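Heads up: the structure comes next, in structure tokens.
The values are calculated or read from the model by the stated rules, or taken from the named source; none is laboratory data. Nothing here was measured: the structure is a model prediction, and the numbers come from that model. Glycine gets a Cβ as well: all are built from the backbone with ideal geometry, and neighbour counts include every protein chain shown. To get the accessible areas, we keep the full protein, side chains included, count just its heavy atoms, and leave off ligands, DNA and RNA. Shrake-Rupley method; radii C 1.70, N 1.55, O 1.52, S 1.80 Å.
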Amino acid sequence: MRTFYPASLALTCLMLCAFPAQAEVVVIVSTKNSTKSLSIEQVADIFLGKNASFPKGTRATPLDQNETSAARDKFYLQVSGKTSSQMKAHWAKMLFTGRGQPPVESGDSSEIKRLVANNPELVGYIDKKDIDDSVKPMLFLP
Amino acid sequence: MQMPNSRRYNSIQIALCALLCANALHAKAAQGDTPDLMNNSSISIPTQPMFALNGFGTIEEAHTSENYGDYVFDNLQPKGIGRNRSWSGDIDSRIGLQLTSHLTSTLSGVLQVISEYRWNNTYTPFVSWANLQYAVTPDFSVRIGRIAMPSFMASDSRKIGFSNITARPPVEVYSLLALKTSDGVDTTYRMHFNDTTDSTTLLYGKSTVTNTSGVNIHSTDIRGIFNSLEFGATTLHAAYQERNVDNQHPALGKFFSAGINYDPGTWFASAEWVKVINFNGKGLKVPRVAWDINAGRRFGDFAPYVTIAALQPNVNTGSTPIAQRSYAVGVRWDLMRNIDVKAQLDHVQPRSDSYGTLLNVKKGSPTGSQFNVVSVVVDFIF
């Protein structure tokens, strides 16, 4: 155990350094979607497979960025407190108990923005710098 | 009887072989799906592939210095570690493959096959899940087929080692119910109030469990109600089920459980209480109670934890009681995105008049002898 400890500290440092502090993430929906805002808990429920609807009851389908995206790790850490390996464990539990599958991996910020803009059912998260009029911001994550 | 070592390594080789084959298949399936995914996304929305093949597994080595009985997960395992072997991977090693299909946006199917150490001393694969699910609404669904019952807080996911913190769920609690699946129907209804989600499942079905003597025990008219309430990082779980069972007089078995899990990210804790009521051959009502508490903290990729668990009978049946307490410390290390390694030390204390959960106890062995179990497991998903 004692020999593991420095390794764990080193890994923690590496992990922290891997997230640039300035990269803000924004949760977005289509401008055709009538949802006014989403709380952090509502976003977490949709992306963790606990809820499949927007607050008004229409179907909500979350989209994930690719596994290598820094925005993805930051997004999940912010909304659910879970690291990428904890998210992996969460979806293993959901998948192998027949309760659901993880959001479909659908590319980077610009690809997610393009998909979300065209469909009121979708909800995604992108880098703040990529946001424009084609999509509606729901929640800013610092 | 001493088991030849070759059998153990064979099972691991088979597991690795299956893992490689499944990975190859998976890669192929993923390639085949990509064009569809791209097409769909440019028209409307990215959809889940129609068929997905995934798998999970655990490779274990466990050891105990005790040698008068067998430490097992539950009494459906014919041999364990201790009297028969001092080292073995049979307690928790397994491999599972799951085919998930999205037939339409509302109709899906799950087929899961598991190979693990079974009542007849083999790893013969069996079907653990096979059901079709129809989502009437996003929050109301019906399943028909073989369903794993959520009797315990982690019972439907306990075989997915990768999804759990500890090397294995506490045997004092999780060995109390041999019945794990039900062939029948269930409905699940989810309600959302603000940030709270409540999910209620009603189940009806039947099941057959084969014990280590090869006897089939039939449970019929299994009826259960399972509730889980989630708010933020907290989950409350409660379950009640009863069934008709053909090896008891009267033919009735009852099960209650209540649990709480709190996992905000860094610290985590859970507790569970279970009561089981059965009737023995003489018609005597035999209630048993068990509980466990687990807590730990994550340090980057390492998650050390402690667990305390206890099992006690509430009535004297005249035969040796099964009463035990255990203390465990362990650590989970997330080695890669889909592989973890766990090391766990259990200190087991059978009550002074009991052999605890040990099986195959040598005649004349002293009751109440304490012992330790060391386990190292590797869990993976693919």
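Filter region B:281-304 down to residues that are open to solvent by 40 Å² or more (accessible area, probe 1.4 Å) and not in a strand (DSSP E or B) and give me whichever is nearest to B:Q324 (Cα to Cα). Checking each candidate, the answer is B:L284.
Among the candidates B:N278, B:N314, B:N261, the residue that is out of contact with any Cys (no Cβ under 7 Å at 6 or more places or on another chain) and open to solvent by less than 50 Å² (accessible area, probe 1.4 Å) is uniquely B:N278. Of the numbered criteria (1) at pLDDT below 95; (2) more than 9 Å from chain B (Cβ to nearest Cβ); (3) open to solvent by less than 30 Å² (accessible area, probe 1.4 Å), the one A:F47 fails is (1).
Taking the criterion of being in a loop (DSSP other than H, G, I, E, B), touching a residue at least 12 places away in the same chain (Cβ under 8 Å) and closer than 30 Å to A:V104 by Cα, the only residue of region B:63-104 that qualifies is B:L103.
Looking at region B:119-134, can you tell me whether even one residue there is within 8 Å of another protein chain (Cβ to nearest Cβ) and open to solvent by 20 Å² or more (accessible area, probe 1.4 Å)?
Here is the first cut: in region B:119-134, the ones within 8 Å of another protein chain (Cβ to nearest Cβ) are B:129, B:131, B:133.
Then drop every residue that is not open to solvent by 20 Å² or more (accessible area, probe 1.4 Å), which leaves B:133.
Yes, that holds for at least one residue.
Can you tell me which residues in region A:56-113 are within 9 Å of chain B (Cβ to nearest Cβ) and among the basic types (K, R)? A:R59, A:K82, A:K88, A:K93, A:R99, listed by residue number. When restricted to residues that are within 13 Å of B:I59 (Cβ to Cβ) and in contact with a His (Cβ under 9 Å, 6 or more places away or on another chain), region B:82-106 contains 1. Scanning region B:331-380 for residues that are within 14 Å of another protein chain (Cβ to nearest Cβ), open to solvent by 20 Å² or more (accessible area, probe 1.4 Å) and touching a residue at least 12 places away in the same chain (Cβ under 8 Å) yields B:W333, B:D334, B:L335, B:N338, B:I339, B:V341, B:A343, B:L345, B:V374, B:V376.
The residues of region A:23-38 that are closer than 13 Å to A:V123 by Cα, of a type in the set (G, A, S) and either modelled with pLDDT under 95 or open to solvent by 10 Å² or more (accessible area, probe 1.4 Å) (or both), listed by number, are A:S34, A:S37. Of the set (1) surrounded by 22 or more Cβ atoms within 10 Å (Cβ to Cβ); (2) more than 10 Å from every other protein chain (Cβ to nearest Cβ); (3) among the acidic types (D, E); (4) more than 21 Å from B:T357 (Cα to Cα), all apply to B:D156 but (2).
When region B:211-237 is filtered for residues that are surrounded by fewer than 15 Cβ atoms within 10 Å (Cβ to Cβ) and away from chain A (no Cβ under 14 Å), the ones remaining, listed by number, are B:N211, B:S213, B:G214, B:V215, B:N216, B:H218, B:T220, B:D221, B:I225.
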